[in-house]
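Inspection log for the structure reproduced underneath, given as structure tokens.
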Amino acid sequence: MITSFSKYQATGNDFILIDNRENFFAKKDSKKIAEMCHRRFGIGADGLILLENHDSLDFKMVYFNSDGRESSMCGNGGRSVVHFAQYLKLIKDKAVFEAIDGVHQAFIENNLVKLEMANVDKIEDKNNAVFLNTGSPHHVEFIDNLKDFNVVEKGRKLRYETYGNAGSNINFAEQIDEDSFFVRTYERGVEDETYSCGTGVTAVALAAFYKGKTRSKNLTIKTPGGVLKIYFELAGSGFQNIFLEGLAVRVFNGTFG
């Protein structure tokens with residue numbers, strides 16, 4: 001079967017976007033999804049996203065990692081699907097949609113998408129790191145000389161040995177100044193370092209505030225794929241009104257099959 005798609009990138013995190021409002025796509029065919037995401041034998045992507053109908057909201061987002069399995073929330077993917085919805089003329093400059101972790105709202109101006117993330121109620125200390133869930137599970141460590149750090153080797157070790165089969169995304173962050181950080185992420189499901197991770201940089205921003213590394217609630221996060229901004233408010237011992245902002249770009253359209 002021939003499948004039409006749009007290829008997107010959001011600060012280097014890349015996705016295959018498919019309009020599945022007619023519910024034609026075989027969501028249980030993890031082999032095909034992995035094949036489409038393969039960078040040598042397929043289109044190539046960190047993940048695949050289906051845009052589907054929703055009874056009361058603008059649309060529903062269904063996200064698969066590049067291993068073909070449906071996964072938890074993807075922040076950069078969420079920003080990309082909002083841009084895709086605008087391209088399909090489902091929305092104008094704002095959207096309310098459902099993802100696996102609940103309902104999100106987003107605002108779009110040109111290619112800049114600002115996405116509301118899930119509230120975070122708690123952060124767990126883990127030796128020299130912290131663990132929190134920003135729609136996906138994230139381990140955050142603050143280190144020096146991140147540019148030369150072996151993210152894949154250390155990230156894979158922590159992903160499996162510390163968090164077991166379920167795993168966690170692993171983020172390493174280096175502080176640049178009071179309100180900016182450099183972040184590199186090892187993503188479970190991709191099983192490699194990605195150019196950027198939206199839920200990951202959100203986790204780093206909240207972890208930095210929690211650990212007292214910054215007093216700012218408006219942070220700039222630099223990744224290998226570009227720059228993202230995170231805004232948030234305090235809510236008791238947790239965080240609310242968390243927004244992830246950055247570029248989302250439709251790279252090309254195509255067909256597969």
Suppose the filter is buried (at least 20 other Cβ atoms within 10 Å of the Cβ) and not assigned by TED's automatic domain parsing to the domain that holds S168; does V82 pass it?
yes
When you look at S56, is it in contact with a Ser or Thr (Cβ under 8 Å, 6 or more places away or on another chain), assigned to a loop (DSSP other than H, G, I, E, B), assigned by TED's automatic domain parsing to the domain that holds A99 and not aromatic (F, W, Y), yes or no?
no
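Scan region 1-38 residue by residue and report those that are among the small types (G, A, S) and in contact with a strand residue (DSSP E or B) (Cβ under 8 Å, 6 or more places away or on another chain).
Scanning region 1-38 gives S4, S6, A10, G12, S30.
From the list A166, A205, pick out the single residue that is crowded, with 18+ Cβ neighbours inside 10 Å and within 18 Å of M73 (Cα to Cα). Even if it seems obvious, please write down each step before you answer.
Details: A166 fails: crowded, with 18+ Cβ neighbours inside 10 Å.
Of A166, A205, the one residue that is crowded, with 18+ Cβ neighbours inside 10 Å and within 18 Å of M73 (Cα to Cα) is A205.
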Given the conditions (1) without any contact (Cβ under 8 Å) to a residue 24 or more places away in the chain; (2) touching a strand residue (DSSP E or B) at 6+ places or on another chain (Cβ under 9 Å), every one holds for K89 apart from (2)
For region 109-123, indicate whether the set of residues that are out of contact with any Cys (no Cβ under 9 Å at 6 or more places or on another chain), closer than 19 Å to N53 by Cβ, of a type outside the set (S, T, Y) and without any contact (Cβ under 8 Å) to a residue 24 or more places away in the chain is non-empty.
no
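Within region 24-47, identify whether any single residue is in contact (Cβ under 8 Å) with a residue 40 or more places away in the chain and under 13 Å from the mean Cα position of the chain (by Cα), and answer yes or no. Working first, answer last.
Here is the first cut: in region 24-47, the residues in contact (Cβ under 8 Å) with a residue 40 or more places away in the chain are 27, 36, 42-43, 46-47.
This time we only want the ones that are under 13 Å from the mean Cα position of the chain (by Cα), so: 46-47.
For region 24-47, residues in contact (Cβ under 8 Å) with a residue 40 or more places away in the chain and under 13 Å from the mean Cα position of the chain (by Cα): present.
The values are calculated or read from the model by the stated rules, or taken from the named source; none is laboratory data. Everything quoted here is computed from the prediction, not taken from an experiment. Note that each Cβ is placed from the backbone with ideal geometry, even for glycine, and that neighbours are counted across all protein chains shown.
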